[in-house]
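The values are calculated or read from the model by the stated rules, or taken from the named source; none is laboratory data. No experiment lies behind these values; they were computed from the predicted model shown. Cβ: placed from backbone, ideal geometry, glycine included. Neighbour counts: every protein chain shown.
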Amino acid sequence: MIGILNIGLGNVQSVYNAIYENGYDPTFVKDPKTLANLSHFILPGVGNFNAVMLRLEQLGFVGAINSLIDNGTPTLGICLGMQLLATTGVEGGLSNGLNAMEGNVSAIAPKDDLRIPHVGWNDVNFCQSHPVFEEIKDGRDFYFVHSYQMNCHRSENIIATTEYGDSFVCVAANKNVIGVQFHPEKSQKNGMQLLENFCEWDGTFNGK
């Protein structure tokens with residue numbers, strides 16, 4: 001069973017629709033007790049790092065998500081969902097993340113005439129291969145909307161980067177967890193392929 005976190009913070013219907021169109025039967029997760037029944041877990045995200053982490057804590061999700069990850073369940077973080085996988089974030093004030101991979105989340109530094117937030121299509125350039133990107137060629141475009149970025153402490157966690165003024169990490173992974181800064185559900189053919197690959201992934205990844 002493929003579960004999509006839905007705690008009333010952002011529109012997650014597009015993620016549900018994309019998974020469904022790939023031939024799977026996803027379910028919305030609103031109760032942390034149901035996490036134990038999942039084969040795969042998707043942590044989408046729209047909003048503020050601090051506020052969402054506080055909400056997850058209030059609803060009892062933090063411990064339940066950590067247990068799910070520790071048990072090896074394949075987990076995908078999308079946009080803010082990727083950032084929540086880090087150790088800490090500064091949006092809304094310094095706060096702890098889920099610490100599924102070592103790193104911190106910081107604001108994108110304004111540079112030249114580039115607008116913040118970073119909105120639109122941009123290239124995803126692989127640093128290493130990962131099962132979730134099988135049959136997706138290097139340098140393909142995905143759709144981004146974000147003002148913050150993950151900074152990985154370990155190079156073996158970095159799967160891909162994107163250029164926007166400077167290079168930033170747009171895909172990071174650790175064991176059975178992977179995060180993408182872009183929105184695969186809005187990224188047409190390549191995004192649909194990524195989501196299908198995730199739904200078929202057994203959670204195995206050893207890094208470089």
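For every residue, the table says whether it meets (1) of a type in the set (Ser, Thr, Tyr); (2) farther than 25 Å from Leu195 by Cβ; (3) at pLDDT below 95.
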{"site": "Gly60", "(1), (2), (3)": "no, yes, no"}
{"site": "Ser67", "(1), (2), (3)": "yes, no, no"}
{"site": "Asp70", "(1), (2), (3)": "no, no, no"}
{"site": "Pro74", "(1), (2), (3)": "no, no, no"}
{"site": "Leu84", "(1), (2), (3)": "no, no, no"}
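Of all residues in region 13-29, those being under 14 Å from Leu195 (Cα atoms) and out of contact with any Asp or Glu (no Cβ under 7 Å at 6 or more places or on another chain) number 9.
With the structure loaded, tell me whether Phe142 is without any contact (Cβ under 8 Å) to a residue 60 or more places away in the chain, of a type outside the set (Val, Ile, Thr) and either over 26 Å from Glu91 (Cβ atoms) or assigned to a strand (DSSP E or B) (or both) or whether it fails that test. I'd like the intermediate steps shown before the answer.
Values: without any contact (Cβ under 8 Å) to a residue 60 or more places away in the chain: yes; of a type outside the set (Val, Ile, Thr): yes; either over 26 Å from Glu91 (Cβ atoms) or assigned to a strand (DSSP E or B) (or both): yes.
It is true that Phe142 is without any contact (Cβ under 8 Å) to a residue 60 or more places away in the chain, of a type outside the set (Val, Ile, Thr) and either over 26 Å from Glu91 (Cβ atoms) or assigned to a strand (DSSP E or B) (or both).
Restricting region 31-47 to residues that are closer than 20 Å to Gly89 by Cβ and surrounded by fewer than 19 Cβ atoms within 10 Å (Cβ to Cβ), the residue that is modelled with the highest pLDDT is Gly47. Residue count for region 95-119 under the criterion of being among the hydrophobic types (A, V, I, L, M, F, W, C) and either free of Cβ contacts under 8 Å to residues at least 12 places away in the same chain or outside any loop (DSSP other than H, G, I, E, B) (or both): the result is 3.
Would you check which residues across region 146-202 are assigned to a loop (DSSP other than H, G, I, E, B) and either in contact with a helix residue (DSSP H, G or I) (Cβ under 9 Å, 6 or more places away or on another chain) or surrounded by 19 or more Cβ atoms within 10 Å (Cβ to Cβ) (or both) and list them?
Step one: list which residues in region 146-202 are assigned to a loop (DSSP other than H, G, I, E, B), which gives 147, 153-154, 165, 175-176, 181-183, 187, 201-202.
Answer for region 146-202, where residues must be assigned to a loop (DSSP other than H, G, I, E, B) and either in contact with a helix residue (DSSP H, G or I) (Cβ under 9 Å, 6 or more places away or on another chain) or surrounded by 19 or more Cβ atoms within 10 Å (Cβ to Cβ) (or both): Lys175, Asn176, Gln181, Phe182, His183, Ser187, Trp201, Asp202.
Looking across region 48-83, just one residue is of a type in the set (Gly, Ala, Ser), surrounded by 15 or more Cβ atoms within 10 Å (Cβ to Cβ) and without any contact (Cβ under 8 Å) to a residue 40 or more places away in the chain, and that is Ala64.
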